[in-house]
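**Student:** Below is the structure I would like to discuss, written out as structure tokens.
The values are calculated or read from the model by the stated rules, or taken from the named source; none is laboratory data. Everything numeric here is computed off the predicted structure, so don't read it as measured data. For neighbour counting, all protein chains shown are included, and Cβ atoms are generated from backbone atoms with ideal geometry for every residue, glycine included.
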Amino acid sequence: MRLALAQQSADNDRARNLQRAIEAMRRAAAEGADLIVFAELATERFFPRRAGDAAAAGLAEPIPGPIADRVAAAARELSLVTIFNMYEVDATGRRFDSSPVFDADGRLLGVTRMVHIADFPGFHEQGYYTPGDRGAPVYQTRAGRVGVAICYDRHYPEYMRALGAGGADLVAIPQAGALDEWPEGLYEAEVRTAAFQNGYFVALCNRVGDEEELTFAGESFVVDPEGQVIARGRRLAEDLVLADVDLAACARSTARRLFLRDHRPELYRGWLPR
């Protein structure tokens, strides 16, 4: 399978951002990609960089809805499994950081909603997002079994293990990662560790560009089931990152041959504080 990561910036023109996302899908399909992953909030400026932006509420859309329908149509036209990310509002008015997952025929397979919500300088997300209520689903796509960990969720080993336990061979991470947000190399190390401990590929797609308080770094990357980086995007520049992966390697991984064979889940619940 060939993966594509659409490492893009976004400005205040939502229609233009969406059109650029569709164009990235076309480029990916022309390069032979079977699946594409987008960064967090692919069609918006990163509004959580500031607290209390009342206008942001109006950016949220239902899924299905105008943005999701355009992406679904392109996925169908291009036969491209698509992991998108957008600001969702449901029928009750709750808002979520959400990744709709479209199969290669354009069908909406489901929507993953970010579970863990950050609140620290530059990432005032608790003022905008409701914690996700759909667990850690894994989707059977034409390209393989795929799970999604949206940005902050990647920091939680329990969430990353849940995707592995659900049968994911690939975990897509839509990300908004800024320069100097964490000590150098640390967030990459935790993603590599999750891939190694669970025996799956991880494809992290990061935003890029200057957005006043934050500069998003780019440097999207793909990790194999042994924790090795096999593809990397440009730093501080837009890119379409391509990687060829063999999902059959997951069954041969160290985690699935050894770690998961020998783990003792019946013990761990009693060890954890309540």
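**Student:** Please enumerate the residues belonging to region 115-140 that are over 22 Å from Thr215 (Cα atoms), part of a loop (DSSP other than H, G, I, E, B) and not acidic (Asp, Glu).
**Tutor:** Answer for region 115-140, where residues must be over 22 Å from Thr215 (Cα atoms), part of a loop (DSSP other than H, G, I, E, B) and not acidic (Asp, Glu): Val115, His116, Thr130, Pro131, Gly132, Arg134, Gly135, Ala136, Pro137.
**Student:** Only one residue in Arg235, Arg207, Arg192 is under 21 Å from Pro157 (Cβ atoms) and among the charged types (D, E, K, R), so which one is that?
**Tutor:** Values: Arg235 fails: under 21 Å from Pro157 (Cβ atoms); Arg207 fails: under 21 Å from Pro157 (Cβ atoms).
Step by step, each of Arg235, Arg207, Arg192 is checked, and only Arg192 is under 21 Å from Pro157 (Cβ atoms) and among the charged types (D, E, K, R).
**Student:** Let me ask something else about it. Tell me the residue from Leu186, Leu163, Leu179, Leu204 that is surrounded by fewer than 24 Cβ atoms within 10 Å (Cβ to Cβ), touching a Phe, Trp or Tyr at 6+ places or on another chain (Cβ under 8 Å) and of a type in the set (A, V, I, L, M), please.
**Tutor:** Within the list Leu186, Leu163, Leu179, Leu204, the selection yields Leu179.
**Student:** Scanning for something under 22 Å from Ala6 (Cα atoms), surrounded by fewer than 16 Cβ atoms within 10 Å (Cβ to Cβ), touching a Lys or Arg at 6+ places or on another chain (Cβ under 8 Å) and without any contact (Cβ under 8 Å) to a residue 40 or more places away in the chain, does region 214-231 turn up at least one residue?
**Tutor:** yes
Rundown of residues vs (1) surrounded by fewer than 19 Cβ atoms within 10 Å (Cβ to Cβ); (2) on the phi < 0 side of the Ramachandran plot; (3) in contact with a Ser or Thr (Cβ under 6 Å, 6 or more places away or on another chain); (4) of a type outside the set (Gly, Ala, Ser), yes/no style:
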position	(1), (2), (3), (4)
Gln7	no, yes, yes, yes
Asp11	yes, yes, no, yes
Arg26	yes, yes, no, yes
Gly32	yes, no, no, no
Glu40	no, yes, no, yes
Gly52	yes, no, no, no
Ala57	yes, yes, no, no
Ala60	no, yes, no, no
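**Student:** For a quick check of your reading of the model, give me the residue pairs whose first member lies in region 256-274 and is touching a residue at least 40 places away in the same chain (Cβ under 8 Å), whose second is among the basic types (Lys, Arg), with beta-carbon atoms closer than 7 Å and at least 6 apart or on different chains.
**Tutor:** Pairs found: none.
**Student:** Examine region 163-171 for a residue that is in contact with a Cys (Cβ under 6 Å, 6 or more places away or on another chain), in contact (Cβ under 8 Å) with a residue 60 or more places away in the chain and not in a strand (DSSP E or B), and state whether such a residue exists.
**Tutor:** Yes, there is a match, as at least one residue in region 163-171 is in contact with a Cys (Cβ under 6 Å, 6 or more places away or on another chain), in contact (Cβ under 8 Å) with a residue 60 or more places away in the chain and not in a strand (DSSP E or B).
**Student:** Give all pairs with beta carbons closer than 6 Å in which a residue from region 132-155 that is among the charged types (D, E, K, R) meets a residue that is at pLDDT 95 or above and part of a loop (DSSP other than H, G, I, E, B); count only pairs at least 6 apart in sequence or on separate chains.
**Tutor:** That search, which allows pairs on different chains as well, returns Arg142/Asp103; Arg142/Ala104; Arg145/Gly167; Arg145/Ala168; Arg145/Asp169; Asp153/Met114; Asp153/Val115; Asp153/His116.
**Student:** With the condition kept exactly as written, say whether any residue in region 67-85 is under 16 Å from Asn206 (Cβ atoms), of a type outside the set (D, E, K, R) and not in a loop (DSSP other than H, G, I, E, B).
**Tutor:** Checked against the condition, which is being under 16 Å from Asn206 (Cβ atoms), of a type outside the set (D, E, K, R) and not in a loop (DSSP other than H, G, I, E, B), region 67-85 yields at least one hit.
**Student:** Just need a number here: residues in region 94-120 that are in contact (Cβ under 8 Å) with a residue 12 or more places away in the chain and more than 13 Å from the chain's Cα centre (by Cα).
**Tutor:** 15
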